[in-house]
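Novice: Handing you this structure, nothing more for now.
The values are calculated or read from the model by the stated rules, or taken from the named source; none is laboratory data. What you are looking at is a predicted structure, and each value in this text was computed from that prediction instead of being measured. Don't worry about glycine lacking a Cβ; one is built from the backbone with ideal geometry, like all the others, and counts go over all protein chains shown.
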Amino acid sequence: MSSAKYDVLGIGNAIVDVIARADDGFLGKHKLVKGSMRLIDEGEAERLYGAMGAGVEISGGSCGNTMAGIASFGGRGAYVGKVRRDQLGDVFAHDLRAIGVDFRTPAATDGPATARCLILVTPDAQRTMNTYLGACTRLGPDDIDVGQVAEAGTVYVEGYLWDAPAAKQAVLKAMDAARAAGRKVSITLSDSFCVDRYRDEFRQLIRERVDIVFANEDEAKALYQVSSFEDALAAMRAEAKVAAITRSEKGSVALRGGETVAVPAQPVARVVDTTGAGDLYASGFLFGLARGKPLAECARLGGIAAAEVISHVGARPERPLSELV
C-alpha cells in the first residue's frame, strides 16, 4: 500500500450552520425535541429562521467540522460534499479551502439551494438542529473520484448521508474504492434518531465494511437497543474493529480488539455550546490514528478537540488545535 496523500477524506452533507440562542419555551412552542436533529423542507426552514433570534452563520456540517479539526491539528484532509453555486455555497467552499482542505466537488448550477442547519442553543449548552438538506441531496456516485479516495489513509463518512439514496450510493462506492486500495473506512452514527432509521444497515456496515466507528453513548445504546452503557459496550466490542464512544462529561471509551481504554474528559472552564463536540472528537481521534498514536492518545486528542469547541459558540476550532497538544 502506497503512502497516503491525505490523512482523511471526509464525505458529508455540506451545510452552512445558522446558530442562535433560544430557551426551552421556544423549543416547546415550535414542538422541537431538545438535542435532536430533524430534517425540514425549505418552507419550514424559512418560517423557523424568521422566528429565531439573531444568529451567526458559520460553514458547518458534521463531516465538514471534522475536516476543519483535522486541518487545525496540522493534518492533510480532503472533503466531498455538494453545494449549489450560490452565495452560501461559495462561502462553504471558500471556508474549507482557506484552512487547507482539498474540496473539489463540482457545485450544482440548478436545483435546491445550498443546505443550511438552523441550530438553537439553549442555556444548558444543548443544541437542537433543524436541517434543510437542499443541494446536499444531489450528491451522488458521479461525485466520487475513486483515485482521490485511494489517496486517503482513511475515508470518513456521516451516517446522516443514509437519508438521501443517491448519497448513500456515493458512500458505498467510496467505501469499496477505499477497501480496494487497502485504506481504512470510518463512519459516525450521527445521532440516535438516525440510528433508529437505519439500525440494521449500520450494524451490517460495522461488521462488513467499516474499520472505525464513532458514536456517543445514546447512539451506541440505540444501535443495540439496550438500556445500559455496559451492554452497549459489550455489543460494540463484538462487532466493531475499532470504536470510540463519547460520554460527555464522563470522557470517552475506545475499543480495538481486546484493548479497552477509558479516557476522562478534558477540563473546560465553561461549556458554551456543545455543537460539534462529537465532530471534533472524531478529528482528534482520526489524526492520532493517522500518526500511529496509541489508542488512549487518540482518545485524548479527541477530548482536547471537543473541549476546545464546546468552550465557544460554533462548531469549528477558534484556536489551532496543534497548539493545544
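Novice: Looking at region 212-250 only, could you name the residues that are crowded, with 21+ Cβ neighbours inside 10 Å and charged (D, E, K, R)?
Specialist: Matches in region 212-250: Glu219, Lys221.
Novice: Still on this structure: So, restricting to strands (runs of 3 or more DSSP E) that lie completely within region 203-289, which ones have at least 2 residues that are free of Cβ contacts under 8 Å to residues at least 12 places away in the same chain and touching a helix residue (DSSP H, G or I) at 6+ places or on another chain (Cβ under 7 Å)?
Specialist: Those strands (runs of 3 or more DSSP E) do not exist here; none qualify.
Novice: Which fully enclosed strands (runs of 3 or more DSSP E) of region 96-195 have 2 or more residues being modelled with pLDDT under 95 and under 18 Å from Val16 (Cα atoms)?
Specialist: Numbers: elements: 115-121, 127-132, 152-158, 184-188.
Here the list reads 115-121, 127-132.
Novice: What's the total number of residues in region 201-227 that are touching a Ser or Thr at 6+ places or on another chain (Cβ under 8 Å) and among the hydroxyl-bearing types (Ser, Thr, Tyr)? Please lay out each step first, then the result.
Specialist: Restricting attention to region 201-227, the residues satisfying the condition of being touching a Ser or Thr at 6+ places or on another chain (Cβ under 8 Å) are 210-219, 221-222.
Narrowing further to those that are among the hydroxyl-bearing types (Ser, Thr, Tyr): none.
Here the count works out to 0.
Novice: Which ones in region 290-309 are surrounded by fewer than 24 Cβ atoms within 10 Å (Cβ to Cβ), of a type in the set (A, V, I, L, M, F, W, C) and out of contact with any Leu (no Cβ under 7 Å at 6 or more places or on another chain)?
Specialist: Across region 290-309, the qualifying residues are Ala290, Leu295, Ala296, Ala307.
Novice: Select from region 16-48 the residues that are surrounded by fewer than 21 Cβ atoms within 10 Å (Cβ to Cβ) and assigned to a helix (DSSP H, G or I) and list them in ascending order.
Specialist: Asp24, Gly25, Phe26, Leu27, Gly28, Lys29, Glu42, Gly43, Glu44, Glu46, Arg47, Leu48
Novice: Return the only residue of Leu255, Leu286, Leu189 being out of contact with any His (no Cβ under 9 Å at 6 or more places or on another chain), over 16 Å from Tyr156 (Cβ atoms) and of a type outside the set (Phe, Trp, Tyr).
Specialist: The conditions single out Leu255.
Novice: Separate question: List every residue pair whose Cβ atoms lie under 6 Å apart, where the two residues are 6 or more positions apart in sequence or sit on different chains, the first residue falls within region 71-96 and is over 23 Å from Lys168 (Cβ atoms), and the second residue, located anywhere, is part of a helix (DSSP H, G or I) and at pLDDT below 95.
Specialist: Going by the 6 Å Cβ cut-off, there are no qualifying pairs.
Novice: Could you list, in sequence order, the residues of region 97-138 that are of a type in the set (A, V, I, L, M, F, W, C), in contact (Cβ under 8 Å) with a residue 40 or more places away in the chain and either touching a Leu at 6+ places or on another chain (Cβ under 8 Å) or closer than 15 Å to Gly35 by Cβ (or both)? Break it down into steps so the answer makes sense when it comes.
Specialist: Step one: list which residues in region 97-138 are of a type in the set (A, V, I, L, M, F, W, C), which gives 98-99, 101, 103, 107-108, 113, 115, 117-121, 125, 129, 133, 135-136.
With in contact (Cβ under 8 Å) with a residue 40 or more places away in the chain added as a condition, the list becomes 113, 115, 117-121, 125, 129, 133, 135-136.
Listed by number, the residues that qualify are Ala113, Ala115, Cys117, Leu118, Ile119, Leu120, Val121, Ala125, Met129, Leu133.
Novice: Let me spell it out: the conditions are (1) touching a helix residue (DSSP H, G or I) at 6+ places or on another chain (Cβ under 8 Å); (2) more than 23 Å from Leu172 (Cα to Cα); (3) of a type outside the set (Phe, Trp, Tyr); (4) assigned to a loop (DSSP other than H, G, I, E, B), and Asn13 meets all of them except one. Which number is the exception?
Specialist: So Asn13 meets the others, but not (2).
Novice: Assess whether Val8 counts as being part of a strand (DSSP E or B), closer than 27 Å to Val185 by Cα, touching a helix residue (DSSP H, G or I) at 6+ places or on another chain (Cβ under 8 Å) and of a type outside the set (Phe, Trp, Tyr). Spell out the reasoning first.
Specialist: Numbers: part of a strand (DSSP E or B): yes; closer than 27 Å to Val185 by Cα: yes; touching a helix residue (DSSP H, G or I) at 6+ places or on another chain (Cβ under 8 Å): yes; of a type outside the set (Phe, Trp, Tyr): yes.
Yes; evaluated as a whole, the condition is true for this residue.
Novice: Any residue in region 43-55 that is modelled with pLDDT of 90 or more and either of a type in the set (Phe, Trp, Tyr) or within 19 Å of Ala98 (Cα to Cα) (or both)?
Specialist: no
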